[in-house]
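Encoded as structure tokens, the structure appears first; notes follow it.
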Amino acid sequence: MSDVILETRALSKHFGGLKAVDSVDMSVREGTIHGIIGPNGAGKTTFFNLLTGLIEVTRGAVLFGGRDITGIPPERVAGIGMSRTFQNIKLFRFMTVLDNVKVGFHTRTKTGLLGAVVRNAAFRADETFVAEQGLELLDFVGLRKQAYNLAANLSYGTQRRLEIARALATDPKVLLLDEPAAGMNPSEKSEVMELIRKISSLGRTIVVIEHDMKLIMNLCDVITVLNQGLKICEGTPAEVRNDPDVISAYLGHARGA
Amino acid sequence: MKALVRMVQRHGTLSMLCAAGVLLAVPFLIRGNDYLLRIAINILLYSVLATSLNMINGYSGQFNIGQAGFYCIGAYTAAILATRYGVGFWLALPASGLIAALSSVLLGIPTARLRGIFLAICTLGFSEIVRLTILNWIEFTRGPMGIPGIPFPTFFGYEISSNFGFYFLILTIAAVTLFVCHRVLNSRIGRAWIAIREDELAAKSMGIPTTRYKIYNLAFGTFWAGAAGCFYAYLSSYVSADSFTLDEGFAILCMVLVGGPGSLIGPLVGAFFLVVLPEMFRFLAEYRLVIFGLAILVTMHVRPQGIAGGGVFAAIAPDSEEPAGKGAAS
């Protein structure tokens, strides 16, 4: 069995009396595709926000590669090897597609003000690296042709793919995808599924939140099910599918049960 | 107009050379006419000021309306250095920029978490505080009496004392400003600023320390305003706090808004129009700000992205390795 790369211990987030995430223990093994599902309002996105430092943890801990990263500022998350996409797409709309990806290389380049003005060797090396790798990433997600269009002009499904490319530019060990297939038609969905498999096959660990059961069941090695902030089940797709708690969370209790 | 834009996009370098040629030829054509020379100087001076503000408002999306305060700090730094310490123009120029940038850092540290209108109010307040401090700190700034007697700048022994000479001085400053801004914008620093403007949270998630970069951006933008202040001090050989009221800040803001924020050409176009317009309507001198207000209203209605904003001249702003204008962007 591979090592655990991302782990939460009794991770909780309370908004006043509302326990949005309540004592969730989760371990993500390196190289796996780990799904997180749950009905609306189950705390999935809040959970991602806790992992990436966007909101403050109430209680519990986040461990990345065995190191405690609880309360890490969000701008340092990319540097340690974790990157994410957003449920409501957050692209740099009035930048070109390629420039969006270039921003993702920020932590991997070092040019300062002076280097940028005189265009010294270090600057040129950085820019060449960023441009080449950026185009390669766009190739990888199938957006090479749109490299010089504005991100705002991409179609919805394409924007989601660009967000993935941008997240990949930070060279993450763990990629967090928040509903990567939301609002897509079936053919776009299967394309995204292929893309996620491709990323996974290159050795990156993926944690994915998704509502589409077919996609998640086909894709994931392990699935964690959240309901009202609590983890109610964890296991392989087959185990999750047959778990009575999961069924009742999604479909309600059987009469008299 | 469209044809002109397309031509400029297609022949970027050639257009730049043409523009440079015109700018170099202008003072020779109007050499005898001090009035026209002064207008030309003002256009270039305000181009630098509007560019400096555009770096902040147009590229990092911070809303600064107190640029006059930094302009003022630059002018007084130069005036005090020149009259009291005998510092020459070429040393006073970067020093004024640096002092203005430093003061923006002092303002930026406590206000970096503010956005939009809240930051705007703070910069407005700062601008007034600067002016009032200078007006009342008589031992240091001579208060309402201003600082007279700033000597002429020299250039390799040659004294720049005519409008003709000052024209080339400000042309050089403007060219350096644009050159440096262009290069910085086309680096990871510039991309980080634009990313912050577009979506601060996403920028943070990409590993950009947004607070630090916002202060950095403020300092970079205000540096040029400080340098412009230094030029102004030497040009008029006298500085007074009256020249740096909020009206001055609003005028600079108008130029950015009318010309097109977030484009390098925009503020130049804005500066041109808003220096020339009041001159054409001299008999309405008291209504200068009304003219500016009208200019903003008309721009917002007809071209909300500004005269030269919204990617019209996109091929000039970013490095044009790849032809722009292919995508829907143009």
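The values are calculated or read from the model by the stated rules, or taken from the named source; none is laboratory data. All of these numbers come straight from a predicted model, not from anything done at the bench. All Cβ positions, glycine included, derive from the backbone under ideal geometry; neighbour counts span all protein chains shown. In case anyone asks, the SASA skips ligands and DNA or RNA and just uses the protein heavy atoms, side chains included. Shrake-Rupley method; radii C 1.70, N 1.55, O 1.52, S 1.80 Å.
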### Most positive-pole-ward Cα, B:83, B:143, B:114, against dipole of segment B:2-154 from beta carbon charges
B:114
### Summary
In a Gaussian network model of chain A with springs linking alpha carbons closer than 10 Å, the residue among A:119, A:108, A:160 that fluctuates most is A:119
### Message
Just to be sure I follow: if Rg is taken over the C-alpha atoms of the protein assembly as shown and Rh is the Kirkwood radius over the same atoms, what is Rg/Rh?
### Response
1.06
### Task
Note the buried accessible area between B and A here, summed over both chains, with a 1.4 Å probe, in Å² to the nearest 100.
3000 Å²
#### Entry: Cβ-derived FRET efficiency at R0 60 Å, residue A:213 paired with residue B:140, nearest 0.05
0.25
### Query
Carbon and sulfur together cover what percent of the accessible area of chain B at a 1.4 Å probe radius?
69 percent
### Task
Would you compute, from DSSP H runs of 4+ residues alone, the mean residue ellipticity of chain A at 222 nm, taking -39500 (n - 2.57) per run and dividing by the full residue count, rounded to the nearest 500?
-11500 deg cm²/dmol
### Burial of 30 Å² or greater, segment A:59-90 residues [accessible area, probe 1.4 Å, versus chain by itself]
A:74, A:75, A:86, A:90
### Message
Need one word for segment B:108-263: rounded, prolate or oblate. Basis is the Cα gyration tensor (sqrt eigenvalues a ≥ b ≥ c); a/c below 1.5 gives rounded, then a/b vs b/c decides.
### Response
oblate
### Query
Does segment B:2-302 come out rounded, prolate or oblate, given a ≥ b ≥ c as the square roots of the eigenvalues of its C-alpha gyration tensor, rounded meaning a/c under 1.5 and, failing that, prolate meaning a/b above b/c?
rounded
### Message
Name the residue from A:219, A:69, A:155 whose Cα lies farthest towards the positive end of the charge dipole of chain A, charges +1 on Cβ of Lys and Arg and -1 on Cβ of Asp and Glu.
### Response
A:155
### Query
Taking the Cα centre of chain A as the origin, how large is its charge dipole in debye, to the nearest 20, when only Lys and Arg (+1) and Asp and Glu (-1) carry charge on their Cβ atoms?
480 debye
### Query
Of A:233, A:180, A:118, which is farthest on the positive side of the dipole of segment A:118-238, counting Cα position, with +1 on Lys and Arg Cβ, -1 on Asp and Glu Cβ, and the Cα centre as origin?
A:118
### Query
Taking the Cα centre of the protein assembly as shown as origin and charging only Cβ (+1 Lys, Arg; -1 Asp, Glu), how large is the dipole, in debye to the nearest 20?
400 debye
### Task
Kindly identify segment A:124-191 as rounded, prolate or oblate by the Cα gyration tensor criterion: order the square roots of the eigenvalues as a ≥ b ≥ c, call it rounded if a/c is under 1.5, otherwise compare a/b with b/c, prolate if a/b is larger, else oblate.
oblate
### Query
What is the distance, in nm, between label points placed 7 Å from the Cα along the Cα-to-Cβ direction at residue B:18 and at residue B:34?
3.5 nm
#### Entry: Alpha-carbon Debye profile of segment A:92-169, log10 I(q)/I(0) at 0.21 Å⁻¹
-0.86
### Fraction of beta bridges assigned by DSSP in chain A that are antiparallel (%, nearest 5)
55 percent
### Query
Hey, which aspartates and glutamates would be in cross-link range of residue A:189, C-alpha to C-alpha under 16 Å, not counting anything within fewer than 8 residues on its own chain?
A:163, A:178, A:179, A:210, A:212
### Query
Where only protein heavy atoms count, and the probe is 1.4 Å, what is the accessible area per residue for the protein assembly as shown in Å²?
44 Å²
### Summary
Mean other chain Cβ within 10 Å across A:143-155 is 3
### Query
If you put +1 on each Lys and Arg Cβ and -1 on each Asp and Glu Cβ, how big is the dipole of segment A:92-169 around its Cα centre, in Debye rounded to 20?
120 debye
### Query
Any idea what Rg and Dmax come out to for chain A if you just take the C-alpha atoms, in Å?
19.3, 76
### Message
For segment B:78-192, what does the convex hull of the Cα positions come to per residue, in cubic angstrom?
### Response
153 Å³
### Within the accessible area of segment A:92-169 (1.4 Å probe), percent carbon and sulfur
54 percent
### Message
Tell me the accessible surface of residue A:247 in square angstrom (1.4 angstrom probe, heavy atoms of protein chains only), to the nearest ten.
### Response
70 Å²
### Message
Suppose accessible area is computed on protein heavy atoms with a 1.4 Å probe; arrange A:26, B:300 from highest to lowest.
### Response
B:300, A:26
### Summary
Straight-line reach check, residue B:214, cutoff 30 Å on alpha carbons, 8 or more apart in-chain or any other chain, hits among lysines -> A:13, A:90, A:102, A:110, A:173, B:204
### Query
By DSSP, what percent of the beta bridges with both residues in the protein assembly as shown are antiparallel, rounded to the nearest 5?
60 percent
